[in-house]
Amino acid sequence: MVSRKRTTPFQEKHCIQFGLEIAGRDIKKLFGLEIAGRDIKKLVICVQCRFCVHFGRDGDDVGRKRARSNAICYFSPPYRPELYRKHLENQHSSEWAEYCRLPPDEQRVYFDKSKNTTMSSFCHSASDVLHFTIGKKTCEHNFVLTTIAEPIVNLIEDLFFHPDDDAADRDQESITKANAMKLFKRDEAVIEQHRRCTKNPKLSGISDHMMSQFVRVVVAVDLQFLSKILSRSDVWAFLIACDGYSHFGISSLDIRIRLSVEGVLYNFHLVLVPFYDRHTALNIFNLNVKVLDVLYSQWREKLLSVSNDGENTMTCRHGGLVTLLGKEAENHILRIWCPPHQIDLVIKGCTKRMDGGDFYKTAHAFSVHLRAQQNLATAMGGTKCPKDTTRWVAFGKLIKWILQHRVKLFNHIESTNPIQSPSKPWWIMATAVTSMFDTVAVTFAILQSRDLVLSKQQGEIDNLILRLCNSMCIRHEDIDKSFLEINQTNFYKLDAWWISMETIVGHVKDQGSWARDMFSSFTNDVKAATLGGIAKFAIELIIGLKKVRAERDSNNNASNEDAPPFWTAAQIEEVEADHRDLIKTYENEETVRRTIDRHDLKTMFNEAWDSLKDRFKTLRCFCSGLATAFANTTSVESDFSVLKWEVDSNRTSLTNLTIEGIFQSKQHELLSQI
């Protein structure tokens, strides 16, 4: 036990070595006494963990009886390195491991990366005057300020301020003097902690008035940047993707745009606004038009594509959002239905039809039973059964978790005999389905990439179908007509697709000895029914994936036609001339040929064109405009993930404009560089 009289002074070198920061000094000693230089370090009374400040603590609460603290960790005397290491290894294992591998020079700027993506990095909180840097001239300390267009200011007022907001103030009551003193004592420690975190010399920190000013400025400036980018002559096309979401009872609509500037693809957040009206296609359409009309009045000439998640409000052929935007645009548009959402529908449909619907019903009922067994979860080390949601990914994780813990679950079923327990054929079907889920999951992750283009997306889907066919030995009658001559009792046929029963038996036995032994104990009738269920699922999955196509026609069916051209004849001739030059260069220059031949489906668009060293700029501008089509709506859904993280249970009082300021601050630096 450490003696209370013992005081180990803080070592300044530990700030960089362990990612610490001095949070408090003894003010009385500092200003009341004359301290020698070597004793100044004794004045440190508190240091804080910078990993907690910038990244928060690890959130794995499995098996914990008490909720994990989200507060910043502070260290007080005695200052010992082993205490620092214990905290970092337990609470910030991944970040700490990455930090240890860096040289000291990079450790000094390690935390600047996360600081630059926060609003406070642009705001000078120590001053009563709000200074905002929009851009720099070549000479130092001289700043170029831009005037925000009045329509953008009015747009912010219309989108983020609602008449009902002021009505809530009428319900507030006066606080008594006694309660005021209690609140002051309770909040004093919180205010002091905030002062240390923000490095603000004012006790109260940055005022609400200053923060509201800053939020208005950062949102207005970024919208002004986006307005100027859309009006550029080299930006000939842009794409829209939008989706709705509800969080803590508040509905929001998120809009993103994808465009190309000088042949470089960009994916920008446009606006996340509260949506007070009914979620009808017309209301969503009117909101999109209001925003775009303010940012760029000629947007109808440049709208090339609209991406959606397949929801009826978006895709209805008569009054859906895509249809309404298509009528508003001056040219034909590409209608994109996010392929990951299509794949989700395909797999969910195949799963719910498997074994006449009993496979999914049994899995769901068993998961509900397992989630209610607290003693079982404790006996399994705090591991709790995943929740079955509306996504196939969640269902796949559920099946995989059940198979991974099958031994303990078998013992649980044997001892309690719950009515929800699965049958033995169910376990065989589950292990066969899981291997196919794993194959789909790899491609599913690739299809959700923000930088993916449509041409690469279709190639990834084709590769997925090929891998599934090869793993299950599924054949098409047009490819292998010899299947027609074989006794059909040894094969399962659906439409024009065939699969051998012997192949399925081998696939089941490959899943492990337990699956092989369980399958061998079945009667012939049970074996046939089990194999038939697996075969039907596999072929239906292939047939469903073959129908997945991002481009849709006016009836929301798969489209086989490309978008019609709307460039002028002179522009088309210039593009074609660049294309002819590229072909000649490929044939005559060995370096260019080797560079292009190395490109494959994994090569990103910007990376591929950058390898040509600014050649064929007109062709690149044309191709980048076509490539701006949203291959998916993943970037929109990622905004909602950020929203859930930013607006947690402790920050539900954040205003809508403040939330938008958070999103805009994350892309402000990139916007200012274009």
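Of all residue pairs spaced 6 or more apart or on separate chains, those with beta-carbon atoms under 8 Å, a first member in region 578-591 that is within 16 Å of Thr618 (Cα to Cα) and a second member that is modelled with pLDDT of 75 or more and in a helix (DSSP H, G or I) are Thr585/Val592. Report whether or not Asp309 is at pLDDT 80 or above, at negative phi and charged (D, E, K, R). Spelling it out, it is not the case that Asp309 is at pLDDT 80 or above, at negative phi and charged (D, E, K, R).
Suppose we filter Val407, Val440, Val393 for residues that are in a helix (DSSP H, G or I), of a type in the set (A, V, I, L, M, F, W, C) and more than 18 Å from Tyr360 (Cβ to Cβ); which single one remains? Don't jump to the end; show me each part of the working.
Numbers: Val440 fails: more than 18 Å from Tyr360 (Cβ to Cβ); Val393 fails: more than 18 Å from Tyr360 (Cβ to Cβ).
Only one candidate qualifies: Val407.
Please verify whether Glu561 is at pLDDT below 70 and either over 36 Å from the mean Cα position of the chain (by Cα) or under 26 Å from Leu259 (Cβ atoms) (or both), treating the condition exactly as stated. Answer is yes for this residue. Filtered by the rule that a residue be over 20 Å from the mean Cα position of the chain (by Cα) and modelled with pLDDT of 80 or more, region 261-287 gives Val261, Leu282, Asn283, Ile284, Phe285, Asn286, Leu287.
The values are calculated or read from the model by the stated rules, or taken from the named source; none is laboratory data. Not measured: the values here are computed from a predicted model. Heads up, the Cβs are rebuilt from the backbone with ideal geometry, glycines too, and the neighbour counts pull from every protein chain shown.
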